[in-house]
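S.K.: Let me give you the structure first, and then I'll get to my questions.
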Amino acid sequence: MQQLVTYCYRVLADALGHFGQDEGYAVASHVALSTLMALFPFLIFVTSLFGFMGFGSMAVDASSLIFDAWPEQVARPVAQEINAVLTQPRGDLLTFGVIVTLWFSSNGVEAMRVALNRAYRLREVRPWYLCRLQSLATVLLGSLALVVFTVLIVFGPLIWEGLVRWFSVLDQFGYHANILRYGVTSALLVLALLGAHMFLPAGQRRFLDVLPGVVLTLLLWLAGGAIFGAYLARFANYVSIYAGLAGVMTALVFMYLCAAAFILGGELNAALLRLRRIETRRENRAGS
C-alpha cells in the first residue's frame, strides 16, 4: 500500500511540476480561446452538412448535444447565441464560405496539438500542411459523427420500436431518451479524447499509454463542471463586471478550466511514460 501511495505521489508530482514548466496555464488560455473561436464555425459547418443530407431541422439538436456536457449556467447564454446563428437559412455547402468555416474550426484542433506536444515533450517533425490536413479531417469526422449520433437520438423511438419488433424481450425495458442522450454525449467525449491523445501529437502511443490521462481529464471535467456551476449559481456575478459580454466570458473561463484539465491528462500520461522508462533502464542495469 505504501509503495502504491509513493508511486502515485511521484507521478502526480512529476505531472504537476511539468505542467508548470511547460507553461500549462498559458497554453490552456490558448486552447480555450482557440476552441471557443472554433465552436461557431464548426457548428455552422455541421448545420450546412445537416442541410445537405436533408436533416436541416436537426441542427439545433446537434448543438444541444454538445452543450449537454456543460453546466447549465455556462451553456445557456452561449447556446442562445449559437441557436440564433444556426436558425439562419444556409445553403453554402461546398462553397468558399464553408471552406473558411472548416479552416477556422481546425484551429481549435491545432491548439490542442500544440498543447499535447508540449505535454509529451515532443517536437513536431511532420510538415505543417500534413498537420493541417489531419486537423481538417478531424473536423470532418467529428461533424459526421455528430450528425450520426444526433439522428440516432432524434429517431431513437422509431429505432427502438423496430428493435422491439425483432427482439420482443426488449419491450420490458422501455425506451429512455435521457439515458441514450447522455450515453451518446459521454461516448463522443471519450472517443474525442482518445483520438486527440493518440493521433494529434507527434510520435506514436498505445491505447493503454493514453487511457490514464483520458480518465483523469474526464474526472476533472465532471468535478470542475459541478463546482464551477455551483459557484456561478451562488457567488459569481459576471454581469456586473463584463455587462453584455458576461455570457462569453463565463464560457471562456469554463473552457480555460477544461483546457487545463485536458493538458494535465497529457502531463499525467507523459509522467507515467517517463517513470516506466526509468524503471526499465534500472531493470536492464540490474540484469546486466
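S.K.: For the stretch 39-46, in order, what is each residue's ³J(HN,Hα) by Karplus, 6.51 cos²θ - 1.76 cosθ + 1.60 with θ = phi - 60°, in whole Hz (x at glycine and Pro)?
M.R.: 5, 5, x, 4, 6, 5, 5, 4
S.K.: If I stretch the segment between V148 and Q2 completely, what's the gain in nm (0.36 nm per residue apart, minus their alpha carbon distance), one decimal?
M.R.: Extra length available between V148 and Q2 comes to 47.8 nm.
S.K.: Can you compute 3J(HN,Hα) from phi for each residue in the stretch 18-33, using the Karplus curve 6.51 cos²θ - 1.76 cosθ + 1.60 with θ = phi - 60°, rounded to whole Hz and x for Gly and Pro?
M.R.: Taking θ as phi minus 60°, the curve returns 6, 4, x, 5, 7, 6, x, 5, 5, 5, 4, 5, 4, 5, 4, 5 Hz for the stretch 18-33.
S.K.: Moving to a separate point now. Which ³J(HN,Hα) values, rounded to whole Hz and listed in residue order, are derived for the stretch 103-114 from phi using the Karplus coefficients 6.51, -1.76 and 1.60 in 6.51 cos²θ - 1.76 cosθ + 1.60 with θ = phi - 60°, glycine and proline given as x?
M.R.: 4, 5, 5, 5, 4, x, 5, 4, 4, 5, 4, 4
Read-outs throughout are calculated quantities, based only on the coordinates presented, and are distinct from any laboratory measurement. Bear in mind that the values here come from a model prediction, so they are computed numbers and not experimental data.
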